[in-house]
1. Quick check on the stretch 94-146: what are the equivalent-ellipsoid semi-axes from the Cα gyration tensor, as sqrt(5λ), descending, whole Å?
2. Between the stretch 1-76 and the stretch 195-236, how far is it from one alpha carbon centroid to the other, in angstrom?
3. I want to check the label-to-label distance for D80 and D65. Put each point 7 Å from Cα in the C-beta direction and report it in nm to one decimal.
4. I want to make sure I understand the PRE zone here: with the label point 7 angstrom from the Cα of M197 toward its beta carbon, which residues in the stretch 127-159 have backbone N atoms less than 14 Å away?
5. For K238 and D214, FRET efficiency with R0 = 30 Å and r from the beta-carbon atoms, rounded to 0.05?
6. Can you give me the relative contact order of the chain as a percent, contacts being Cα pairs under 8 Å and 6 or more apart?
7. What's the Cα-based Rg to Rh of the stretch 18-145, Rh via Kirkwood?
8. Taking a quarter of the surface of the convex hull around the Cα atoms of the stretch 177-284, what do you get in nm²?
Amino acid sequence: MRIIAVLNHKGGVGKTTFTGCTAQALALSGFRVCVIDNDSQHNLSTLLGVGARSPSIRDIYRGTDEKAPELMLRAIRKTDLPDLHIITADKYLCDADIHDIHMLKRTISACRLERFYEVIMIDNAPGLDRLQGAAISAAHEIFVPTELRQFAIDGLVEMEQTIAERYPDGGRISRIIPNFYKNTKRQRAFIAALRRMFPAKVTETSIPVDSVFDEVVTDGKILFLHRLYSTGAAYYLKIIHELFNLDEEKVWEQVMEKRTERIRSEARQRFFEQRERNRQSDEA
Ligand SMILES: Nc1ncnc2c1ncn2[C@@H]1O[C@H](COP(=O)(O)OP(=O)(O)OP(=O)(O)O)[C@@H](O)[C@H]1O
Ligand SMILES: [Mg+2]
């Protein structure tokens with residue numbers, strides 16, 4: 001089981017979008033995935049159509065070693081995709097809830113989540129404090145989506161140092177994913193600089209700017225089922241291929257298969273609903 005913290009101390013760089021879309025793509029490609037929403041904004045819980053629920057990650061942090069595993073198993077909820085589960089956030093979640101930075105790591109291990117999942121992804125609030133520390137401590141590695149601006153790039157070097165100093169036994173930055181890519185000369189220069197600073201960590205694929213990400217959130221849709229032919233979805237499949245060493249064509253085929261199944265079952269459901277409505281109006 002791979003435990004990945006998605007982290008950037010900067011806000012609005014695409015952490016939640018990345019976590020949600022990557023987890024959905026993995027689940028559609030046959031992986032069993034659990035995501036943890038470690039952010040009081042609970043955007044990931046909303047994105048996956050579950051919303052903030054109780055018990056949440058906050059109850060796990062505030063629990064005792066005896067209670068936390070049971071709370072964690074109760075906190076795991078289903079999403080719209082059978083192979084994708086979520087532990088939701090709580091709007092009151094804050095640094096003061098973390099009494100022990102290793103609580104999440106210990107609880108994941110006590111629940112033996114590796115029996116159920118191949119990948120756990122933890123979405124984080126911006127910042128680099130105790131909340132993020134709990135995720136770093138639980139993680140084997142850290143993925144960092146970043147925007148391509150000077151301050152954002154300068155900040156990554158500091159972030160890497162801070163992580164090593166504050167959380168010496170936690171996960172380390174393994175991949176950096178450029179987001180909001182517009183293929184301008186300036187952005188290409190930023191990517192080249194990033195590659196020099198973090199050799200072998202920056203993904204070959206950058207995620208382009210695409211309004212589809214806002215659309216799927218607004219409409220409560222799943223990118224790979226409802227907007228598979230968008231530029232955004234195509235680039236995400238490339239990223240999955242790079243980050244998880246999967247065959248891009250195979251992923252595409254599996255996603256297509258699930259998509260067709262899903263469209264068929266939705267059509268079937270609409271047909272029977274319509275038939276029931278017709279029957280009721282005939283009777284009336
Ligand atoms: N590649 C992209 N192209 C266009 N819009 C994007 C892209 N990636 C993310 N967005 C949009 O940018 C906004 C911020 O993204 P997101 O919420 O994922 O960032 P975040 O890093 O999780 O933010 P926060 O730090 O507040 O948690 C959202 O409206 C999202 O739909
Ligand atoms: Mg977020």
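Laboratory data are not the source of any read-out in this text; all were calculated from the coordinates shown. Since we're looking at a predicted model, the values are computed, not measured. Here Cβ is always computed from backbone atoms with ideal geometry, including for glycine, and neighbour counts include all displayed protein chains.
1. On the way: eigenvalues 75, 49, 11 Å².
Result for the stretch 94-146: semi-axes of 19, 16, 7 Å.
2. 19
3. Placing both labels 7 Å along Cα→Cβ, they lie 4.2 nm apart.
4. Taking a point 7 Å out along Cα→Cβ of M197, the residues of the stretch 127-159 whose backbone N falls under 14 Å are 144-159.
5. On the way: r = 21 Å, r/R0 = 0.69.
Efficiency at R0 = 30 Å is approximately 0.90.
6. Details: 504 pairs, mean separation 59.4, N = 284.
Here the relative contact order equals 21 percent.
7. Values: Rg = 13.1 Å, Rh = 14.3 Å.
With Rh from the inverse mean 1/r over Cα pairs, Rg/Rh is 0.92.
8. Working: hull surface 35.8 nm².
The Cα convex hull of the stretch 177-284, projected and averaged over all directions, gives 8.9 nm².
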